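As C-alpha cells, the structure follows; a few thoughts come after it.
Each value in this text was obtained by applying a stated rule to the coordinates, not by laboratory testing. Bear in mind that the values here come from a model prediction, so they are computed numbers and not experimental data. Positions of Cβ are backbone-derived with ideal geometry, glycine not excepted, and every protein chain shown enters the neighbour counts.
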Amino acid sequence: MDTNKNMELFAQQLKSLWVIESILVESMPEMIEKAEILGLKKTLALHYAETTQHKVAIEAICKQLGVYPKQEGYDKDINNLLNDAEQKMNAANPNGKINRILISAAIKIEEYEIAVYEQTAKLAKELGFVGISKRLFSTFEEEKQSLTKLRFLENHLINKRSEIGQHTVH
C-alpha cells in the first residue's frame, strides 16, 4: 500500500476512534446508572473518565494532523453493540440480568476498541508518527486493562452470584 493510501486509512481510523469515544462518552453515564453492583458501577465510572481522556487525546492528534473528525458522526458497529444491549436491558428482569447484559456489552465494546486502537497505532508507527503511535498504544493498553477488569467482574461477581443462587440447602 502506498503512503497516500496509508495516510487516508490512518485519517479514517482516527475519525472512527473519535466517533467511538464520542458515542461512549454520551452513552456511558446511562450504563453506570443502570449497573446494580457497586464494583461494576465503579469500573464503568473509572472507564468513563478514561474514555473522556481518550476522546480528548484523539481530538489533539486529529488537530495536529489536520484531520477533522466531527464531519463523521456514526460508527455502525458501536451503535449496533449499544442498541443490542439497550434492547436486552429493556427486556430483562431484575436479579443480575442487567449486570450481565452491561458486562457483556462492555466486553464486546472493549474488544472492538482494542482492535481499532491496535490497528491505528501500528499504522501510525508505519507512517513514522512515533509519538502518536505511543499515545495510541498507551490507550490500547488502557482498553486491555478495562477488558481484564470486566472479565474479572463477569467471572467472579456475576457468575459466582448465580452459582450461589442455584445451590439448594438439604
Determine the principal axes of the Cα atoms in the chain, then give the extent along each, sorted from largest to smallest and rounded to whole angstroms. 70, 27, 25
Segment 9-52 versus segment 106-133: alpha-carbon centroid distance in Å: 16 Å
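Order by neighbour count: Lys88, Lys5, fewest other Cβ atoms within 10 Å first, most last. List each step's numbers first, then the result.
Numbers: Lys88 16, Lys5 9.
Ranking Lys88, Lys5 by Cβ neighbours within 10 Å, fewest first, gives Lys5, Lys88.
Which order results if Thr120, Thr148 are arranged by neighbouring Cβ count within 10 Å, fewest first? Write out the running numbers ahead of the final one.
Numbers: Thr120 25, Thr148 11.
In increasing order of surrounding Cβ atoms, one gets Thr148, Thr120.
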If unit charges are put on Cβ atoms (+1 for Lys and Arg, -1 for Asp and Glu) and the dipole of segment 3-166 is taken about its Cα centre, the option from Phe10, Pro69, Thr43 lying farthest towards the positive end turns out to be Thr43
Near-label residues of segment 115-131 by backbone N, under 17 Å of a point 7 Å along Cα→Cβ of Thr3: 123-131
Pick out, from Leu153, Val116, Leu81, the residue whose Cα sits farthest towards the positive end of the charge dipole of segment 3-166, with +1 on the Cβ of Lys and Arg and -1 on the Cβ of Asp and Glu. Leu153
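For the residues Met31, Met7, what sequence is obtained by ranking on other C-beta atoms within 10 Å, fewest first? Don't jump to the answer; show the numbers that get you there.
Values: Met31 25, Met7 15.
In increasing order of surrounding Cβ atoms, one gets Met7, Met31.
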To the nearest 0.05, how large is the calculated FRET efficiency for Asn83 and Val56 if R₀ is 30 Å and r is the Cβ-Cβ distance? 0.70
